[in-house]
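*Asks:* Would you mind keeping the following structure in view while I ask a few things?
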Amino acid sequence: MTSSPEHVAPEADHADKARTVLQRVADLRAWLFLAFLILGFEIWSRVSFGGTFLFNPFNIQSIAVFAVAPLLLATGQTFVIISGGIDLSMGFIMGLAAVVAAHVINWATPGMGLGFAVIFGALVAVLVAAIPGLVNGMLVAFLKVPPFIGTLGMFGVARGVAFLLAGGTTVPVKNEVFAALGNSRLYGVPYIIMVTAVFVVIMHYLLSQTKFGQHNYAIGANAQAARRAGINIKWHLLRLYVLSGMCAGLAGVLYAARFSAGAAQAGEPLLLDSVAAVVIGGASLFGGSGTILGTVAGALVIAVIQYGLVFINVAPFWQFISVGVVIIISVLIDQAQRRFSGGRQSE
Amino acid sequence: MTATPLLEVRHLSKNFGPVQALSDLSMMVRAGEVVALAGDNGAGKTTLIKAISGVYQPSGGEILLKGKAVSFASPQEARDQGIETIYQDLALADNLTIGANIFLGREPMRRAFGILPVLDRAKMAEAAKSTMALLDFHVSRLEAPVSNFSGGQRQAVAIGRAVYWNAQILIMDEPTAALGVPEQRKVIQLIHQLKAQGRGVIFISHNLQDIFAVADRIVVLRRGVRAGERRIAETTHDEVVKLMVGG
Ligand SMILES: Nc1ncnc2c1ncn2[C@@H]1O[C@H](COP(=O)(O)OP(=O)(O)O)[C@@H](O)[C@H]1O
Ligand SMILES: [Mg+2]
């Protein structure tokens, strides 16, 4: 018996190109959505105030500053969600880091001087943020605790510790360099945006160009296949949750810099925004898909909605409704797309 | 036969507590030979291949690889020595490309701008293309996730990965069971390809049609012992069925 070669039929190939194009469009949906949203606000702004929304540098900057903390949380959350998990503790890890940064910088400033105290305080805060991340990782990787439960427990622990360390109030920071980091600009660009941009690029690289990122996708899609391929899943998950803790840590440091104060509840309202940004950005809560680029768009969508609604003078509660609706739409699109293009092709 | 067999199993036995899943089983696979394992449910087929592939430690007997006695503490060790087991659904990460699946866990890296280490996707795609061509599957969609492919093609990807990493012996537990008829035919073609490349194949099947289409020999198990072994060219469906049910 001879075997006849298996050629892909030309029509199948054609249908396939269409599918690929559609896939690309779907991957970019958060960016498309962002563009429509901005266009909408632009039109509204011109019609009702006769002024521009988008081409006002103040607006752009405000939106970007607004997006910093949720985006930092969301980059870490993107990795966790792709792996098939979720990190609910990020908000309070962020608060914990903000309080730790405030205390350590206050303590170190007299001895080290302004600049070194900031560097030292930021490092300590990010390392402290890694500890709850490490515990999350151990719970999920070694004790097989579902991520939702394990990180929910850590949510409570980090919250309690942060409030205890802060003595129940906010901790003001007296350090001009730190305040400048949070509020000054270089060539018109705020430092915190530069720091965030660099960090996001590094996270994009980590997810899309390294073995760690590749294994993250594989584990999210089929943990058993990943294990069989020789990937050390426990070690991966441990590092993954440490990474997400450190993202929250950085967000906490930048928060403390911006307000010259550490507050335990700094990240409380941001956790859900971060999950929303990841989902709007095209990741699936079932794991296995998502990109940092999509998450950036997702975070910007949320920031534009929140800022834009204030800008056009709508009661602030509409923010919750709008963001909620966008999340639901994103999930529906994701499921439709899954049904359409995820289906196996038999020929 | 003069050449040393690729794989030889001598007097292998395996018990799970009081359950004797396999006793005194001997068989061999030569290079370029396809051996089918058949038998009723619970006959011990899966236990046999798991003992060969390092999942179970045999309770007795020995396994020889190219004439040398070996023992595998884990499936990884068996794989390192060229014995690869193809699983139906556990094998692939659906969201990754063919290349990424072939290299999963051992991704090649290159340096972007001469310094920054990044995944070498071009190399993965190239290897995917040539490996799949080796199996007579000509795929043009090297950037598509494997979820876009059909069951038979995915089976080919799993086999392709083993072939790329130079597996000498491929073990398949009911490779056609979950597939439609045209897809089954493709998997049979794949096994022909592997045979032509001089690899040894052991496959479990309930489908006598498949077995007679591709196997050189059939080993029939019954309640953990070898009920018989026949060269496919010298036996019939009837005889095989009789061996399976006993009598
Ligand atoms: N892990 C195990 N623990 C206990 N008994 C087992 C185990 N695996 C298989 N067996 C027993 O060994 C016998 C052979 O099983 P198996 O190798 O799965 O047969 P087959 O694959 O031919 O259907 C059966 O009686 C089965 O119940
Ligand atoms: Mg079985």
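The values are calculated or read from the model by the stated rules, or taken from the named source; none is laboratory data. Every value quoted in this text rests on a predicted model; they were computed, and no experiment measured them. Glycine gets a Cβ as well: all are built from the backbone with ideal geometry, and neighbour counts include every protein chain shown. Heads up: the accessible areas ignore ligands, DNA and RNA and are worked out on the full protein's heavy atoms, side chains in. Shrake-Rupley method; radii C 1.70, N 1.55, O 1.52, S 1.80 Å.
*Asks:* State in Å² the accessible area per residue of the protein assembly as shown; use a 1.4 Å probe, count heavy atoms of protein chains only, and round to the nearest integer.
*Replies:* Values: 26290 Å² over 594 residues.
Using a 1.4 Å probe on heavy atoms only, each residue of the protein assembly as shown averages 44 Å².
*Asks:* Now for a different question. Take the Cβ-Cβ distance between A:A35 and A:M112 as r, set R0 to 45 Å, and report the resulting FRET efficiency rounded to the nearest 0.05. Provide the component values of the computation, followed by the final result.
*Replies:* Details: r = 46 Å, r/R0 = 1.03.
Computed FRET efficiency for A:A35 and A:M112: 0.45.
*Asks:* Another one. Among the lysines, which have Cα under 19 Å from the Cα of B:K129 when same-chain residues fewer than 8 positions away are ignored?
*Replies:* A:K17, B:K186
*Asks:* Restrict the search to the range A:145-232; then list the trypsin sites (Lys or Arg not before Pro) that DSSP places in a loop and that have at most 14 other Cβ atoms within 10 Å of their Cβ. Before the final figure, lay out the partial values.
*Replies:* On the way: sites: A:R159, A:K174, A:R185, A:K211, A:R227, A:R228; in loops: A:K174.
Counting only loop positions with at most 14 other Cβ atoms within 10 Å, the trypsin sites (Lys or Arg not before Pro) in the range A:145-232 are A:K174.
*Asks:* Once fully extended, how much extra length lies between B:W165 and B:R231, figured as 0.36 nm per residue of separation less the alpha-carbon to alpha-carbon distance? Intermediate results must be reported in sequence, preceding the final value.
*Replies:* Values: separation 66, 0.36 × 66 = 23.76 nm, distance 3.01 nm.
Stretched out fully, the B:W165 to B:R231 stretch lengthens by 20.8 nm.
*Asks:* Shifting gears a bit: How high is the FRET efficiency between A:K234 and B:A112 when r is their beta carbon distance and R₀ equals 30 Å, given to the nearest 0.05? Mind dumping the intermediate values first?
*Replies:* Values: r = 30 Å, r/R0 = 1.00.
The calculated FRET efficiency here is 0.50.
*Asks:* Also, I was wondering about something else. With a 1.4 Å probe on protein heavy atoms only, work out how much accessible surface A and B bury together, total over both chains, in Å² to the nearest 100.
*Replies:* Numbers: alone 17540 and 12090 Å², together 26290 Å².
Counting both chains, the buried surface is close to 3300 Å².
*Asks:* A further question on this structure: Checking understanding here: applying a Kyte-Doolittle mean of at least 0.5 and a length along the axis of at least 18 Å (C-alpha), which whole DSSP H helices in chain A pass? Spell out each step's value before the answer.
*Replies:* Numbers: long enough: A:10-27 (25 Å, -0.92); A:29-49 (29 Å, 1.28); A:57-82 (34 Å, 1.59); A:90-112 (31 Å, 1.38); A:114-141 (40 Å, 2.31); A:147-166 (27 Å, 1.58); A:191-209 (26 Å, 1.87); A:233-259 (39 Å, 1.06); A:292-311 (27 Å, 2.16); A:317-341 (36 Å, 1.06).
Counting only whole DSSP H runs, the qualifying helices are A:29-49, A:57-82, A:90-112, A:114-141, A:147-166, A:191-209, A:233-259, A:292-311, A:317-341.
*Asks:* Let me ask something else about it. What does the charge count around B:I49 come to, taking other residues whose C-beta lies under 12 Å from its C-beta (Lys +1, Arg +1, Asp -1, Glu -1)?
*Replies:* Details: positive: B:K14, B:K45, B:K50; negative: B:E84, B:D173, B:E174.
With Lys, Arg at +1 and Asp, Glu at -1, the net is 0.
*Asks:* Among the listed pairs A:K211/B:K14; A:K234/B:K50; B:K14/B:K66, which are separated by more than 28 Å between their Cα atoms? Mind dumping the intermediate values first?
*Replies:* Details: A:K211/B:K14 39 Å; A:K234/B:K50 24 Å; B:K14/B:K66 22 Å.
As for pairs spanning more than 28 Å Cα to Cα, those are A:K211/B:K14.
*Asks:* Per residue of B:98-104, what is the mean number of Cβ atoms on other protein chains within 10 angstrom of that residue's Cβ? List each step's numbers first, then the result.
*Replies:* Working: counts 0, 0, 3, 4, 1, 3, 12.
Mean inter-chain Cβ contacts per residue within 10 Å come to 3.
*Asks:* Right, next: For the pair B:N41 and B:E126, what calculated FRET efficiency results from E = 1/(1 + (r/R0)^6), where r is the Cβ-Cβ distance and R0 = 60 Å, to the nearest 0.05? Don't skip to the end; give the middle numbers.
*Replies:* On the way: r = 43 Å, r/R0 = 0.72.
The computed FRET efficiency comes out at 0.90.
*Asks:* Modelled label-to-label distance, B:Q20 and A:L143, 7 Å Cα→beta-carbon offset: nm?
*Replies:* Label-label distance for B:Q20 and A:L143, simple model: 4.6 nm.
*Asks:* Carbon-plus-sulfur fraction of the accessible area of the protein assembly as shown, 1.4 Å probe, in percent? It would help to have the intermediate numbers written out before the result.
*Replies:* Working: 17010 of 26290 Å².
After summing per-atom areas, the C and S share lands at 65 percent.
*Asks:* Longest segment of chain B with no chymotrypsin sites (Phe, Trp or Tyr not before Pro) in a DSSP loop having at most 16 other Cβ atoms within 10 Å?
*Replies:* Details: sites that count: B:Y87, B:F113, B:W165.
Result for the longest clean stretch: B:1-86.
*Asks:* For the range B:51-116, which trypsin sites (Lys or Arg not before Pro) are both in a DSSP coil and crowded by at most 14 other Cβ atoms within 10 Å? Present the calculation step by step, with values, prior to reporting the outcome.
*Replies:* Details: sites: B:K66, B:K68, B:R79, B:R106, B:R110, B:R111; in loops: B:K66, B:R106.
Passing both the DSSP loop test and the Cβ count: B:R106.
*Asks:* Filter the chymotrypsin sites (Phe, Trp or Tyr not before Pro) in the range A:240-347 down to the DSSP loop ones having no more than 16 other Cβ atoms within 10 Å, then list what survives.
*Replies:* Details: sites: A:Y241, A:Y255, A:F259, A:F286, A:Y307, A:F311, A:F317, A:W318, A:F320, A:F340; in loops: A:F286.
In loop regions of the range A:240-347 (DSSP not H, G, I, E or B), the sparsely surrounded chymotrypsin sites (Phe, Trp or Tyr not before Pro) are A:F286.
*Asks:* Gain in length, A:N56 to A:F286, computed as 0.36 nm per residue apart minus the alpha-carbon separation, to one decimal in nm?
*Replies:* Details: separation 230, 0.36 × 230 = 82.80 nm, distance 3.92 nm.
Full extension from A:N56 to A:F286 adds 78.9 nm.
*Asks:* Tell me the net charge near A:L271. Cut-off is 13 Å between Cβ atoms, A:L271 excluded, with +1 for each Lys or Arg and -1 for each Asp or Glu.
*Replies:* Working: positive: A:R159; negative: A:D87, A:E268, A:D273.
Charge balance in the 13 Å sphere: -2.
*Asks:* In degrees, nearest 10, range 0 to 90: what is the angle between the Cα axis of helix B:181-196 and the longest Cα principal axis of chain B?
*Replies:* That helix lies at roughly 90 degrees to the long axis.
*Asks:* If you don't mind, another one. Sticking with the crude label model, points 7 Å out along Cα→Cβ, report the distance from A:V47 to A:L206 in nm, one decimal please.
*Replies:* Distance between label points: 4.4 nm.
*Asks:* Please list the non-local residues whose amide H lies under 5 Å from the amide H of B:S26, H modeled 1.01 Å from N, same-chain partners needing a gap of 5 or more.
*Replies:* Here the answer is B:H11, B:L12, since their amide H atoms fall under 5 Å of that of B:S26.
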